[in-house]
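Following: one structure in structure tokens, then a few remarks.
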Amino acid sequence: MHRVAHVSRWLPALLAVGLLLRADARAEPPQRAPVAIPIPIQPGPAPPLTTEPLGARERRRAVRFTVALPEPASQYVEVTMTVTRATRRATSIAMPAWIPGSYKIRDFARHVDGLRAETLDGRPLAVHKRDKQTWTITNRRRGFRVVYRVFADELSVRTNFVDAQHALLSSPALFLYLVGQEARPAEIELRLPPGWRAYAPLPTPTPDDPTPRYLAASYDELVDAPFMLGRPDARHFSIAGRRVELLLSAVAGANLELDRAAAEARDIVVTFSRLMGGLPFARYTMFLEAGPHGGGGLEHERSAMMMVQRDGFSSEGGYARLAHLVAHEFFHLWNVKRIHDRALGPFDYTREVHSRLLWFHEGFTETVENQALVRAGLTEPQDFLSALAGAWTSYRRKPGRDHEPISLVSHDAWTRLYQSSARDANTLVSYYEKGHLIGVALDLELRLRAGARGRRGSLVGVFRRLMASHGARDRGIDLDDIIAAASAEAGEDMRWFFRRHVEGTTPLQLPPLLEAIGVRVINRAPWEPPPPDPQLPAPPPEPPSPDLERLRTWTGMQLSGTRVHNVEPRSPAAIAGLMIGDELIAIDRRRVDSQAAIEARVADHRPGERLVISLFRDGQLLERAVVPALNPHREFSFELIDAATLDPKVLRLRDAWLGTCDPAGPVNRCVLRPPAP
Ligand SMILES: [Zn+2]
């Protein structure tokens with residue numbers, strides 16, 4: 001894919017941001033509250049990137065698209081594709097089967113309607129549909145035009161949507177490509193309904209034209225650019241000359257304060273600029289669509305398309321979710337868009353492209369996203385640890401967590417993670433979820449091992465190395481490149497780590513790593529009360545809580561309503577012969593009509609006390625006797641150990657990990673450090 005990154009172009013940004021923040025830190029004493037970042041939020045969109053119009057020769061080489069919305073309420077987008085120079089007797093054109101960043105076959109050609117071809121002077125040409133997504137045009141070495149329309153009713157970050165007020169266009173679902181000629185440039189002209197404006201992360205030769213035009217250097221670059229049309233609300237800011245804009249399309253309203261969202265996005269961008277040593281773009285667009293449901297995000301090289309729930313901002317949780325989404329998609333501009341598996345660019349759009357590195361591209365993005373939010377002052381360090389403890393507790397309950405190597409789970413994303421099966425709970429784990437925890441473990445290994453040698457190493461250091469060696473040079477990576485970068489960070493060979501946890505299924509061990517870096521790990525049974533706060537006087541002993549006592553009983557079946565959703569291997573439910581899909585109707589001959597009722601009746605029994613379940617299976621009434629066991633699960637809490645009691649070396653490592661004592665950082669919590677002896 002086309003890459004904007006050149007070291008010489010983003011180095012000045014690093015220096016400017018670094019100096020700015022260091023000057024600020026010198027002026028202010030250390031404090032707990034986030035230091036306001038002196039980069040103002042401006043109203044309106046960022047000035048577009050402009051470019052020269054194509055010369056006559058380039059224009060002949062370019063594939064030109066005209067996109068029109070004559071009747072937005074019909075939800076059809078009308079597209080004309082003009083190819084002036086065509087040297088083959090017959091030319092094949094195709095629509096991608098998938099969109100990069102989302103590893104699922106979507107067959108975008110199924111939305112194409114009424115496709116026809118003609119000569120440049122309007123005479124019809126023969127079109128033969130060759131397979132589900134490819135057409136061949138008999139153009140006899142002459143230029144031609146293809147006219148088609150695309151139905152756009154799917155509101156998501158990956159698909160096309162048009163209504164009477166706005167449109168989100170997803171380029172791989174809209175633009176055809178010339179098979180084998182994807183390197184040709186593209187020119188896009190948009191004909192908009194009155195009063196609408198267009199926004200896209202592509203340079204334009206006509207910034208003030210009511211019929212906007214954009215240029216893309218290749219089909220890959222075009223596919224990487226989504227379009228937002230309508231009247232979005234906008235804010236922008238600049239960091240050392242790098243422009244970032246936030247566009248909010250909320251046609252049915254939203255309770256999101258855009259100024260607050262923009263200020264938080266700015267703090268995230270500044271934090272990543274510091275972590276990664278500059279911003280490798282001239283302009284970046286955060287598209288936000290406020291819809292009835294949230295809907296995640298999709299990364300691009302110079303933008304991210306994100307979807308939020310329009311009424312989700314009545315509590316802090318909405319802003320926290322948005323901060324996570326922004327940080328995640330923004331870090332992808334490095335991890336997967338510039339630093340990427342060799343298989344992931346240039347792309348084969350016709351079929352599945354398998355990558356064994358999605359645990360790295362997605363899971364590690366989650367790891368860095370969480371770290372960046374602590375450094376940006378948007379997550380408190382203890383909240384970061386509590387969220388990590390929650391993730392660890394939940395992961396440790398997944399029976400499928402070590403069933404297959406995560407590299408294989410990644411390879412099979414297309415047919416496993418994105419095509420669910422009833423067996424998944426016992427045989428699959430998400431490469432996001434496990435990848436994130438592998439990322440945390442690797443980061444701690446690198447910090448501890450480098451620290452023991454009196455040097456600094458970290459997961460972000462791995463990304464900085466891979467950006468310099470591969471991302472900025474437009475070279476793909478493989479697992480060996482990741483291992484080499486991690487080994488350089490640690491100061492020792494780290495291959496063993498990847499053999500065990502990426503190519504193997506050795507269980508991850510996070511608690512000992514956390515304990516080594518100054519975090520208390522508390523591990524208790526679900527029925528045991530949470531540990532008392534060590535800061536407070538010890539409370540008087542209490543009798544066991546009857547509610548907690550009920551958590552002792554465990555059968556190993558998971559429910560979805562009154563149906564069995566999963567049966568853990570070797571659990572009491574499995575031994576009793578319960579099956580996925582069984583519909584439970586009574587326990588000990590008393591009717592149960594909800595999940596809560598089933599769980600309550602099961603919990604009435606102590607471990608070892610037999611219960612009889614009546615159920616329907618395939619229309620047949622059956623009974624099964626289950627003998628529940630003692631709940632084998634554990635609840636984890638991770639807490640900061642009081643800094644005053646820690647070895648200064650460990651405290652330094654922990655401060656560096658959590659960004660709790662970074663004199664140049666936007667948030668400086670150095671007051672937590674005990675006074676120097
Ligand atoms: Zn992602």
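Observations on the model:
- Computed [θ] at 222 nm, helices only, for the chain once each DSSP H run of length n ≥ 4 contributes -39500 (n - 2.57): -8500 deg cm²/dmol
- Nitroxide proxy distance, nm - points 7 Å out along Cα→Cβ at GLN165 and GLN620: 5.5 nm
- Take every Cα pair under 8 Å whose residues are at least 6 apart in sequence, average their separation, divide by the length of the chain, and the relative contact order is 13 percent.
- Between 0 and 90°, nearest 10: helix 648-658 axis offset from the chain longest Cα axis: 40 degrees
- Cβ-to-Cβ counts within 10 Å put GLU549, GLU316, GLU289, GLU264 in ascending order as GLU316, GLU549, GLU264, GLU289, the fewest first.
- Cα-projected label distance for ARG140 with ARG456, points at 7 Å along beta-carbon direction, nm: 6.9 nm
- FRET efficiency, GLU352 to ASP588 (Cβ-Cβ, R0 56 Å, nearest 0.05): 0.70
- Sequence-separation-based contact order of segment 546-630, relative, with Cα cut under 8 Å and 6+ spacing, percent: 32 percent
- Helix 364-375 axis versus longest C-alpha principal axis of the chain: approximately 80°, rounded to the nearest ten.
- Shape call, the chain: gyration tensor on alpha carbons, a/c limit 1.5: oblate
- Within segment 159-189: backbone nitrogen closer than 19 Å to the ARG110 label point (7 Å, Cα to C-beta): 159-162, 170-176
- Using the Cβ of HIS605 as centre and a radius below 15 Å, the other residues enclosed give a net charge of +3, where K and R count +1 and D and E count -1.
- Remark: PHE272, PHE151, PHE108 ranked as PHE151, PHE272, PHE108, counting other beta-carbon atoms within 10 Å and listing the fewest first.
- Computed about its Cα centre, the charge dipole of the chain is approximately 2240 debye, with only Lys, Arg, Asp and Glu carrying charge at their Cβ.
- Cα gyration tensor, segment 354-399 - rounded (a/c under 1.5), prolate or oblate: oblate
- With the cut-off at under 13 Å, measuring from each backbone N in segment 102-144 to a point 7 Å along the Cα-to-Cβ line of ARG89 picks out 138-142.
- Using alpha-carbon coordinates, inclination of helix 7-27 to the longest axis of the chain, degrees: 50 degrees
- Unsatisfied cross-links (Cα-Cα over 32 Å) in the set LYS337/LYS434; LYS398/LYS649; LYS104/LYS398: LYS398/LYS649
- Likely footprinting exposure, ARG123, ARG464, fewest C-beta neighbours within 10 Å first: ARG123, ARG464
- Around the amide H of ILE239, modelled in the peptide plane, lie the amide H atoms of VAL244, all under 5 Å away and 5 or more residues distant in sequence or on another chain.
- Charge context of ARG145, other residues only, Cβ under 12 angstrom, K/R +1, D/E -1: +2
- Protection proxy ranking, peptides 109-119, 175-185, average beta carbon neighbours within 10 Å, highest first: 175-185, 109-119
- Gain on full stretching of the segment that runs from PHE151 to ARG473 - 0.36 nm per residue minus C-alpha separation: 112.1 nm
- Amide proton proximity set for ALA254, modelled H, under 5 Å, gap of 5+: none
- The alpha-carbon of LYS129 sits under 20 angstrom from the alpha-carbons of these aspartates and glutamates, leaving out residues fewer than 8 places away in its chain: GLU78, ASP107, ASP113, GLU118, GLU182, ASP348.
- Net charge of neighbours whose Cβ lies under 11 Å from the Cβ of SER355, counting Lys and Arg as +1 and Asp and Glu as -1: -3
Each reported figure results from applying straightforward, stated rules to the coordinates on display, with no laboratory input. None of these values were measured; they are calculated from a predicted model. Because the Cβ atoms are built from the backbone with ideal geometry, glycine has one as well, and the counts that use them run over all protein chains shown.
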